[in-house]
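**Q** Let me begin by handing over the structure; questions about it come next.
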Amino acid sequence: MMARQPGAVVLGSDYKALGVVRSLGRHGIPVWLVRDDHALANASRYTRRSLAWPAAGEARRVEYLVELGRRYALDGWAVFPTDDEGAALLARNREILGQRYLITVPSWETLRWAYDKRLTYRIAADLGVDHPRTHYPANRDDVLAYDGRYPAILKPAIRAELNSFTVSKAWPADDAPGLVARYEEAIALVEPALIMVQEVIPGGGEAQLSFAALCRDGHVVASLAARRTRQWPMDFGRASTYVETIDAPDVERIARRILNALRFDGIVEVEFKRDPRDGALKLLDINPRVWGWHSLGRAAGVDFPYLLWRLLRGEQVDERRGRAGVRWVRALTDLPVSIGEIRAGRMTMREYLASLRGPMEFAILAADDPLPAVVEIPSALHLAWLRRMRDRRTVAARPAPPVPTGAPSGSCLRS
């Protein structure tokens with residue numbers, strides 16, 4: 001079988017993958033899916049072919065992609081990851097995979113500073129960018145010695161394994177006994193060296209701001225700024241439920257400085273939270289691949305996956321900025337969050353209904369692609385069961401990568 005028209009291979013099948021599939025498929029670009037446990041993108045009418053992502057280590061998965069490209073002549077096809085591990089796999093194996101595919105993430109030398117949150121905060125310090133106070137305990141005694149503010153969170157430095165800790169992104173603790181108890185739970189799932197203790201920046205989603213961009217060698221080609229107005233949970237959101245584009249010059253200025261220093265290539269979300277105690281923007285994360293609400297870009301005039309596909313193929317992409325006032329919502333999770341906010345007196349029904357007016361992009365629901373919305377609830381229930389079973393089987397995680405003891409090297413940062 002020959003694949004005559006260049007297309008794209010999407011790694012993963014969750015709602016982020018669904019956004020990529022729709023972005024490319026609506027432009028007539030063939031999209032093949034290498035699916036995981038999720039079902040949403042697999043149900044899309046724009047998925048031309050769906051193949052199982054082998055449950056194996058990185059070397060086997062690289063072999064799988066090489067063989068897939070050889071067997072079906074996928075020369076010039078772009079490969080889009082949808083999670084940190086997929087992005088890392090492409091970056092670390094860029095030389096061999098790039099012989100046939102177009103790789104949509106930067107080199108490993110660049111990507112690792114976003115992939116490993118220990119390095120993310122190191123680069124922030126080097127650039128003079130504020131970030132939450134973070135501690136790196138080596139063992140239980142270090143956790144007992146933590147003298148920072150409460151509430152605090154336990155956070156994985158990398159998300160190499162899928163389990164309740166890495167999927168949650170952060171576990172809260174209100175006091176020292178709670179922190180130690182949570183730490184004991186976490187070390188059953190990941191290596192101790194991968195666990196960070198971090199202060200909680202006060203405020204909910206309204207204080208969490210992002211700059212999303214398409215970059216070429218650190219230069220921003222297309223961009224937008226957004227506010228995570230509602231998230232689940234509201235205090236340290238695991239996932240966005242309602243996002244809106246805004247004008248945020250200070251967010252953009254700091255994010256551009258980071259991306260320029262990294263000489264970043266590809267699409268990226270830089271996340272901040274504004275600290276009400278001092279008004280400063282604190283860097284939370286750098287996501288070097290599609291993020292949860294990336295499909296908002298299409299409605300705002302910046303269709304990130306499609307623009308990246310064009311850029312990789314050598315087409316001219318004019319600079320553009322997404323317009324403010326466009327909303328994105330994932331109804332399945334936003335409705336219970338909104339009900340909780342109304343019950344707590346932090347939002348009125350009138351305010352909730354008003355938030356649903358105006359330009360809107362739904363995460364799952366689409367008139368031209370209805371089936372993913374039909375399978376969303378059954379898929380969510382199935383995933384919850386799979387994660388519970390996976391946690392029970394987890395006995396240890398892979399070894400932690402070493403952390404540099406000095407400042408980031410000059411080869412990574414642009415002077």
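**Q** Given a Förster radius of 25 Å and the C-beta distance between D37 and Q99 as r, what FRET efficiency does 1/(1 + (r/R0)^6) yield to the nearest 0.05?
**A** So the FRET efficiency works out to roughly 0.25.
**Q** Rounded to the nearest whole Å³, what is the per residue volume of the convex hull around the Cα atoms of region 133-199?
**A** With only Cα atoms used, region 133-199 gives 68 Å³ per residue.
**Q** I need the calculated FRET efficiency for the pair D174 and R70, taking r as the beta carbon distance and R₀ as 45 Å, to the nearest 0.05.
**A** 0.25
**Q** While we're here: How high is the relative contact order of region 133-199, in percent, with contacts defined as C-alpha pairs under 8 Å that are six or more residues apart?
**A** Details: 104 pairs, mean separation 33.7, N = 67.
Relative contact order for region 133-199 comes out at 50 percent.
**Q** I would also like to ask the following. Name the longest site-free stretch of the chain, where the excluded sites are GluC sites (Glu not before Pro) in a DSSP loop with no more than 16 other beta-carbon atoms within 10 Å.
**A** Answer - 1-314.
**Q** A follow-up question, please. Are there DSSP H segments in the chain that both extend 24 Å or more along their axis (alpha-carbon positions) and score a mean Kyte-Doolittle hydropathy of at least -0.5? List them, or say none. Could the numbers behind the result be given before it?
**A** Numbers: long enough: 371-393 (33 Å, -0.10).
Span-like helices, by this rule, are 371-393.
**Q** If you average over every viewing direction, what projected area does the convex hull of the Cα atoms of region 8-105 give, in nm²?
**A** Values: hull surface 21.8 nm².
Its Cα hull, projected and averaged over all orientations, spans 5.4 nm².
**Q** Treating only the Cβ of Lys, Arg, Asp and Glu as charged (+1, +1, -1, -1), what charge dipole size does region 133-199 show about its Cα centre? Round to the nearest 20 debye.
**A** 260
**Q** Count neighbours as other Cβ atoms within 10 Å of each site's Cβ, and list the trypsin sites (Lys or Arg not before Pro) in region 88-186 that are DSSP loop with at most 12 such neighbours.
**A** Values: sites: R92, R94, R100, R112, K117, R118, R122, R133, R140, R149, R159, K169, R182; in loops: R100, R133, R149, R159, K169.
Passing both the DSSP loop test and the Cβ count: R149.
**Q** Still on this structure, please answer the following. Can you pull the Kirkwood radius for region 72-229, inverse mean 1/r over Cα pairs, to one decimal in Å?
**A** Over region 72-229, the inverse of the mean reciprocal pair distance is 17.8 Å.
**Q** Continuing with the same structure: So how much slack lies between L386 and R216, counting 0.36 nm per residue of separation and subtracting their Cα-Cα distance, in nm?
**A** Stretched out fully, the L386 to R216 stretch lengthens by 57.3 nm.
**Q** What does a probe at S107 reach in region 210-228, counting residues whose amide N is under 18 Å from the point 7 Å along Cα→Cβ?
**A** Output list for this probe position: 215-219.
**Q** Right, next: Under the Kirkwood approximation for Rh and a Cα-based Rg, what ratio Rg/Rh is obtained for the chain?
**A** Result: Rg/Rh = 0.94.
**Q** Determine the principal axes of the Cα atoms in region 83-138, then give the extent along each, sorted from largest to smallest and rounded to whole angstroms.
**A** 43, 25, 16
Values quoted throughout were computed directly from the atomic coordinates according to the rules given, and no laboratory measurement underlies them. The structure displayed is predicted, hence computed values, not measured ones. No Cβ is skipped: glycine too gets one built from the backbone with ideal geometry, and neighbour counts run over all protein chains shown.
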